[in-house]
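Presented below is the structure to which this report refers.
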Amino acid sequence: MNDRRPEFSYNKINQHVTSLFGPSDDEDNNEQVSRSPFILTGLPPEPQEGNIEYKLKLVDPNPFRLEHLITQMNWRLQEGQGEALYEIGVEDCGTFSGVSSDELESSLTTLKKMADRLGASITILHERKLENDRHIVEVLVRKVPDDQYFIDLRVAVLGTVDSGKSSLVGVCTHGELDNGRGRARLNLFRHLHEIQTGRTSSITHEILGFNNLGESIDYGCCRTANEICNRSTKIITFIDLAGHTKYMKTTLFGLAAHAADFAMLCVDAPSSVVDTTREHFSYARTLDVPVFVVINKIDLCSNTSIQQTITCLTYLLKHGNSSIQLLPYVVQNEEDLVKAADMFVEKSICPIFTISCVTGENINLLKKFLNILPPRLSTKDQERLSLLPVEYRIDEIYRNNESGAAVVGGTLRGGLIREGESYLVGPLLDGTFLPVNVTTIHRYRVPRRIVRAGQAASLSLLHIGGSRLRKGMVLVSSTLNPEACFEFVAEIYLSMHHTNTSIRKGFETTVQIENIRQTALIIEMDKEELHANKQAIVTFRFRNRCEYVVEGSRLIFRSGQQTKGTGHVIKVHPQLKQ
């Protein structure tokens, strides 16, 4: 990242973010700072792969050229799994040249003709006028593929307690502003004690839809989730997680097991960045989940307080994770959205939104960002995952009165699951896997016949009772010949924490590996003791039961309410057959 954009120093970024909301009371420097360092140099060069296309102009192409452009648009739509972004008036190198008014009208006519040939729709996201009376237009082209119902993205909502996570999700999904006392969050709570305390303690899912024109489809205009899905071409699933440290293990399980595409980190503007905010950010970066930030409750504090919060976030983005440093990019208007979405997927920046759930300030800006946010997996990644053997991670067990059947919820990590086919589920307490038959499939409470890699779904399993199932199990293809394990080898990194105590052989900890959460014991180490900010190769042994662990999986280990470190699995020891 630093090699790609060496001209943007962090000192300039710090000056930029602290001047976005006007000078502070103790600031004597009146030097004007440009609104965005990316605006000055246009866009990055056009990517050869992906769903973004630069076109200087599209004025009356001949039939041969038109067919080439249609083929090119079809390829860009496939790269974006049904979505493509066209930048009109931009050269391939990213320079803003612009087009005249007549050229712009002709280019949009040609673009619509191309989209109509493919059965797609176009939406003008933003139009910018340059100083020389020339125009630049950003256009969203959307076409849901014939073999799927809608584009699906999952967003995990992180942040400390009282940062307004549930209220924000309630405002986005129900179309009504909050009254300042938490009315918007009541639609998300599942338990009585959550309503009484106002604190989330469980994992809640809510959806927000968008149609072809980019208009939001929510519970304000629809009564059921089924109706939202039927009227939408893109669905955003919010995974609302707990913020209190008491429920930290539930938050970590939701982030690791539910396979979120992106994470929305909520920051309370009056309280700024706290320890829980840093820990949640570290979780997301460790699990390789891209993060964007929402500074909430800006109606309760001054511009100076917002400046200080952005400064703290800048430091967190630079030093919150040792593997990568992110550049803060404050989104202020629609002109910034496409650049933020494009560079956000490339993991070079972290978009920052400042919003209020009471006044509604910038809520529509956040929704438009979610609308144009491209899928995290490319077409090649989807094809590669679909060719793998079936691996479905079970993270929920539901009650079903039907005799001999069980209903489970989870995420498909690889392969394709079809209705009526047989698979293996396990491991049981003795490490074996039982054959089961998938009788029905539901996604967003709507019956489906197939589940693709990366999608979440609920399955009805025949020939096994719900009492024999648990969270942490998997549904796999019989060709995989799955084996359970009690022991595995991992390379771990001991992070800096409050006590900074070293760990040795015999250390007992709680390990989280995707949907697996269990106490494990370190039985071997390649060194006598491991200190903070150091790495080691260790062998873990599960304490209670065997699990299905895959090499390369990321893990986080904790002790009590404190995160000790992170790592990844490098070798699995299959359970010895007796």
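The values are calculated or read from the model by the stated rules, or taken from the named source; none is laboratory data. Being a predicted model, the structure only gives us computed values, none of them experimental. FYI the Cβ positions are ideal-geometry reconstructions off the backbone, even for glycines, and counts take in every protein chain you see. To get the accessible areas, we keep the full protein, side chains included, count just its heavy atoms, and leave off ligands, DNA and RNA. Shrake-Rupley method; radii C 1.70, N 1.55, O 1.52, S 1.80 Å.
For this structure, a couple of remarks:
- Crossing angle, helix 303-319 versus the chain [Cα axis fit, 0-90 degrees, rounded to tens]: 60 degrees
- Over the stretch 255-333, Cα pairs under 8 Å with separation of 6+ residues give a relative contact order of 32 percent.
- Taking every protein chain into account, the accessible area of the chain amounts to 44 square angstrom per residue (probe 1.4 Å).
- Additional length obtainable on full extension of the chain from Arg470 to Ser502, 0.36 nm per residue less Cα span: 8.2 nm
- Accessible surface of the stretch 52-142, 1.4 Å probe, proportion on carbon and sulfur as whole %: 50 percent
- Sites Glu421 and Arg278, calculated FRET efficiency, Cβ-Cβ separation with R0 41 Å, nearest 0.05: 0.40
- Given the choices (i) 26.6, 100; (ii) 22.6, 72; (iii) 24.9, 80, Rg and Dmax of the Cα atoms in Å derived from the coordinates of this structure is entry (iii).
- The stretch 425-448 and the stretch 367-400: distance between their alpha carbon centers, rounded to Å: 17 Å
- Percentage, to the nearest whole number, of Cα pairs in the stretch 385-480 over 19 Å apart: 31 percent
- The smallest convex shape that holds all Cα atoms of the stretch 75-186, its convex hull, gives 191 Å³ per residue.
- Ordered from largest to smallest accessible area (heavy atoms of protein chains, 1.4 Å probe), the residues Glu421, Glu53, Glu487, Glu215 come out as Glu215, Glu421, Glu487, Glu53.
- Share of carbon and sulfur in the accessible area of the stretch 385-480 stands at 52%, probe radius 1.4 Å.
- Heavy atoms of Lys112 accessible to a 1.4 Å probe, total area in Å² rounded to 10: 110 Å²
- Cβ charges +1 (Lys, Arg) and -1 (Asp, Glu), total dipole of the stretch 151-376, debye: 460 debye
- Two-site FRET efficiency, Glu396 against Lys112, from Cβ-Cβ distance with R₀ of 41 Å, rounded to 0.05: 0.40
- Carbon + sulfur, % of accessible area of the stretch 487-573 - ligands and nucleic acids excluded, 1.4 Å: 43 percent
- Stretchable slack from Asn74 to Ile523, in nm (0.36 nm times residue separation minus alpha-carbon distance): 156.2 nm
- Among beta bridges that DSSP assigns inside the chain, antiparallel share in %, nearest 5: 75 percent
- Dipole axis of the chain (+1 Lys, Arg; -1 Asp, Glu on Cβ), positive-most option in Val59, Phe486, Ile217: Phe486
- Residue pairs, from the table Lys527/Lys571; Lys246/Lys367; Lys297/Lys564; Lys246/Lys527; Lys55/Lys318, whose Cα atoms sit over 23 Å apart: Lys246/Lys367; Lys297/Lys564; Lys246/Lys527; Lys55/Lys318
- Rounded if a/c under 1.5, otherwise prolate or oblate - the stretch 207-310, Cα gyration tensor axes: oblate
- One chain, two ends: Asn481 and Ser302. Fully extended at 0.36 nm per residue, the span grows by 58.4 nm beyond their Cα-Cα distance.
- Inter-site label distance for Glu334 and Leu130 at 7 Å from Cα along Cβ, in nm: 2.1 nm
- Inter-probe distance in nm under a simple model that places probes 7 Å from Cα toward Cβ, at Leu462 and Glu91: 6.5 nm
- Degrees between helix 165-174 axis and first principal axis of the chain (Cα, 0 to 90, nearest 10): 60 degrees
- Overall form of the stretch 151-376 per C-alpha gyration tensor (a/c, 1.5; a/b vs b/c): rounded
- In the chain, Cα pairs under 8 Å separated by at least six residues give a relative contact order of 10 percent.
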